[in-house]
Amino acid sequence: MIKTAIKIILVISVVLLAYKFLKDDSNRPYESSFLYKLNANEKSKLQSGDIILRRGYGLVSTMILKMMNEDYDVTHLGMVVRQNDTLKIAHALSSSVSNQDGLRLQAIDSFVHNSHNRTILVTRLKNIDSVKQEKIVNQIGYYYKKQLPFDHSFNYKDSTEHYCSELIWRIYEHNLKILKVSDTLTDVEKYNTLKTFYDPNYFDIIINHQE
């Protein structure tokens with residue numbers, strides 16, 4: 001009886017531990033005194049359409065980092081949406097690592113809080129202007145209303161589901177046609193890594209915590 005109870009306790013402990021490391025619960029409470037965040041000056045630099053990259057927590061992020069062989073310590077990205085004095089990050093997450101599946105609009109402090117310390121990288125598409133930025137925000141609003149599920153198969157050819165970078169490719173390259181990359185890049189280099197989004201040929205780095 002005692003052995004059975006001990007086994008049950010051990011199983012519950014393992015499940016809770018796995019949940020802690022795999023779950024990216026962005027609605028959890030936090031104390032600003034220990035929050036990893038952008039300072040006021042950095043936030044003032046941000047514009048709608050900027051790309052914000054980070055390394056997330058959990059085993060999934062660790063596996064992604066090893067598979068993608070990035071030049072920076074990043075595993076996930078989103079897009080900045082500035083509305084008056086409010087900064088939101090639009091990004092696609094799986095319900096397996098979050099409390100919401102698909103595209104979400106998350107407060108910037110919460111997004112950064114869910115990042116490994118000193119991994120934030122913010123980039124901006126070259127030659128972007130206010131007209132393009134407004135179109136980007138409209139695209140985010142369009143996809144947010146559609147509430148498409150997260151693309152667990154990572155099939156960039158399927159527009160009915162999106163993973164994080166696929167959503168941005170869909171908006172920048174396919175819908176608005178404001179990003180045209182070299183024809184020498186393979187589909188794997190384009191869609192299965194994050195490198196294009198900090199490639200100096202296409203993007204300027206605005207904030208770099210990995211320097």
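Listing for the model above:
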item	result
Only listed residue being closer than 20 Å to R55 by Cα and touching a residue at least 12 places away in the same chain (Cβ under 8 Å), chosen from L121, L148	L121
Cross-chain or 6+ apart pairs with Cβ under 6 Å, the stretch 66-89 first and aromatic (F, W, Y) and surrounded by fewer than 23 Cβ atoms within 10 Å (Cβ to Cβ), then part of a strand (DSSP E or B) and modelled with pLDDT of 90 or more	Y72/L121
Residue within the stretch 134-144 that is aromatic (F, W, Y), assigned to a helix (DSSP H, G or I) and closer than 24 Å to I207 by Cβ present	no
Which numbered condition W169 fails, given (1) buried (at least 18 other Cβ atoms within 10 Å of the Cβ); (2) among the hydrophobic types (A, V, I, L, M, F, W, C); (3) free of Cβ contacts under 8 Å to residues at least 40 places away in the same chain; (4) out of contact with any Lys or Arg (no Cβ under 8 Å at 6 or more places or on another chain)	(4)
Extreme residue, farthest from P149 (Cα to Cα), among residues of the stretch 166-193 that are at pLDDT 90 or above and within 16 Å of the chain's Cα centre (by Cα)	Y172
In the stretch 147-160, the residues that are surrounded by fewer than 18 Cβ atoms within 10 Å (Cβ to Cβ) and either modelled with pLDDT of 90 or more or among the acidic types (D, E) (or both)	D158
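The values are calculated or read from the model by the stated rules, or taken from the named source; none is laboratory data. Computed from a prediction, not measured in an experiment: that's the story for all the values here. Please note: Cβ atoms are built from the backbone with ideal geometry, for glycine as well, and neighbour counts cover all protein chains shown.
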